[in-house]
1. Once Lys and Arg get +1 and Asp and Glu get -1 on their Cβ, which of GLN105, LEU174, TYR132 lies farthest toward the positive end of the dipole of region 9-210?
2. Give me the compactness ratio for region 9-210, meaning the Cα radius of gyration over 2.2 N^0.38 Å.
3. Once the Cβ-Cβ distance between GLN57 and LYS156 is put in as r, and R0 is 41 Å, what FRET efficiency do you end up with, to the nearest 0.05?
4. Compute the length gained on full extension between GLU78 and LYS207: take 0.36 nm times their separation in residues and subtract their Cα-Cα distance, giving the result in nm to one decimal.
5. Just how far, in whole angstrom, is region 19-92 from region 130-145 if you go by their alpha carbon centroids?
6. At a Cα cut-off below 18 Å, give the lysines reachable from LYS145, other chains included and same-chain residues fewer than 8 away excluded.
7. Whole-Hz ³J(HN,Hα) for each residue in region 145-153, computed from phi via Karplus 6.51 cos²θ - 1.76 cosθ + 1.60 with θ = phi - 60°, x for glycine and proline: what do you get?
8. Spelling out what I want: for every residue of region 110-115, take phi, set θ = phi - 60°, compute 6.51 cos²θ - 1.76 cosθ + 1.60 (Karplus), and round to whole Hz; glycine and proline get x.
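Since every read-out is calculated from the coordinates, none of them should be taken as a lab result. If you're wondering where the values come from, they're calculated on a predicted model, not measured in any experiment. Methodologically, a virtual Cβ is constructed for each residue, glycine included, from the backbone with ideal geometry; neighbour enumeration extends over all protein chains shown.
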Amino acid sequence: MQPNTYLTPSELVYLNGEKFAQKVRLGNTKLLHNDQDVGRVALVVAILRAALFTQEQYRTLRLEVRKKKVLLGLASTETLYADPVGPMPAWPEGTVEAALPPLAQHFYQPKGENEVINIIYAWLGQDAASPYELVLEKIKWGLAKRGLLEVQEERKLKIFVSRKFICPVATLRLAAEQPLQPVFDLLNFYSQSRPDVWKESEEAIRKGVGSRQEKSDDSSSFD
């Protein structure tokens with residue numbers, strides 16, 4: 001299929017965000033397609049879970065919870081690994097689905113450090129004041145590269161550039177017409193049948209994204 005004629009599971013979650021996350025008291029983000037506010041963290045977790053679980057559905061990666069030694073080997077903790085096991089479908093460039101398998105392969109060889117935490121951290125590529133918003137920005141740029149979002153730029157003082165993403169009617173129609181039930185079924189399968197992966201996937205996503213929190217210059221800060 002042409003890259004601009006369908007949405008990947010993670011993109012489908014993003015463009016139907018109100019069905020996967022609810023508004024919270026603090027920490028909301030405004031959805032692009034309908035201006036609703038939903039919880040930023042819950043939305044990102046749903047997006048990245050969809051991308052991860054899809055890899056196993058296509059037999060590209062195998063998700064497994066394993067023990068990892070910590071504290072110089074004196075203790076262990078459970079963490080989620082993504083083992084490369086098969087070829088990757090031709091996901092559109094710039095999507096999370098296309099980015100995860102090569103990163104899993106990179107961390108798998110030679111030291112077996114292919115923890116989902118490391119993969120998410122590497123995928124983000126940089127620290128940010130709001131790393132969860134950075135995730136959403138990367139999703140939007142992936143859509144924009146395929147012409148599924150429009151980008152408006154405004155230059156201020158000839159130096160500062162602000163960008164605004166706009167969701168065209170054709171993309172809204174695509175998001176409405178593409179079946180959403182397979183994504184619900186995928187998430188429900190893991191929550192019901194693989195509770196260990198379901199639990200550790202949220203933990204790994206939160207830690208991987210959270211590790212990209214920009215450090216404060218204030219030495220008195222302990223965040």
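1. Positive-end residue among those listed: TYR132.
2. Output field value: 1.06.
3. Using R0 = 41 Å, I get an efficiency of 0.35.
4. 45.1 nm
5. Distance between centres, Cα-based: 15 Å.
6. Counting by Cα, and skipping residues close in sequence, LYS145 has these lysines nearby: LYS164.
7. Each residue of region 145-153 in turn: 4, 9, x, 8, 10, 9, 10, 9, 10 Hz.
8. x, 9, x, 9, 7, 6
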